[in-house]
Structures are given as structure tokens and as C-alpha cells.
């Protein structure tokens, strides 16, 4: 986006989540800016919240994650989802972000798991505690486990995502087994 500050336009790279929260062109906006200085360039990255900016800084501290990769991560998932995936060692969820491979996801978990507690909030802590104590898995976990099973069976990820989302909207007490059954039924019709 181009940010007009006192008549001077600054090019600022923002995650998709910030873009969707923006109003129409010309409206006032307040962003938390991170300035990335390299030998050949000066880049500005903007965030709606200080928490997103702090998460971005933690992500780029990991070897193999640059500013553009971190923006892609924040565009692919919201901050809570990223924090939860890192804290719960959910590599399947992390690797669902385009451009993020298994080794980089493992590095993220190893290097940031303990640091994520500073960005967490009470509702997320309760959710993580419920997962650890054997509570019902979240919809994201069910979706990712079902997607993983379907892709391991050889189905294309895009087709699998479509049928899993349809299966989840059918409602009822959902489980991986039920979602997998519904999804395979849909895939066999097509």
C-alpha cells in the first residue's frame, strides 16, 4: 500500500489481515511500522496491532525466515493461529502456509515455542490448556488432521480443502473420522 504522510507517499508492505481491516482509499489509518534496513534497500512493513508487529519481529529472528516470508505467514493465518500452532508443535498447520516447508516449520517451533508465551492472551492459554488436558480438539486441528489424511491418500490439497470445508459445514459432533468419511464420500462422487 502507499501511505500518505504529510504529502509524502511511503510504500508499506502489509499482511492481508491488515488490508482487509482498512477502509477505502484516502481514509486515515494508524499502523505500527517496522523498518527493515538492508545494504541495498530500506523496506517498511505495517501492522494493525503492536502484537502483530512483535510476532513479525520474532518470526524474522528465525534463520530462513525473511520479512516477506513473515508477511506471508501473517497473511496466511492470524496471529493467534500462528502462536497456537507454534506452541502446540502443529507442523501440519504451519506447513499449510504457502512457501513454508517442514524444516522451517520445525525451526520455528524449536526457536520460538517458549517465546510465544509473551504474545499469548488468556483465551488462547485456556484453549491450549484444554488441548493438553485431552479436551476436544479445535476445529482447526480437526480440519488439518483430515486434510493431512486426504493428501496422504493422494488427493490434491485444493480439492481436499473444498470437501473438508463442506463436511465441516454439515454440522453435528465432528471428529476426524466423521470428516474423513464425509470428505471421501464427496470425493468419490466427483
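A few notes on this one:
- Scan of the stretch 171-180 for residues that are without any contact (Cβ under 8 Å) to a residue 12 or more places away in the chain and within 17 Å of residue 144 (Cβ to Cβ), ordered by number: 177, 178
- The residues listed here are 85, 50; of these, the one that is under 20 Å from the mean Cα position of the chain (by Cα), surrounded by 18 or more Cβ atoms within 10 Å (Cβ to Cβ) and in the same structural domain as residue 114 (by TED's automatic domain parsing) is 85.
The values are calculated or read from the model by the stated rules, or taken from the named source; none is laboratory data. Note that the structure is predicted; figures quoted are calculated from it, not measured. All Cβ positions, even for glycine, are placed from backbone atoms using ideal geometry, and neighbour counts span all protein chains on display.
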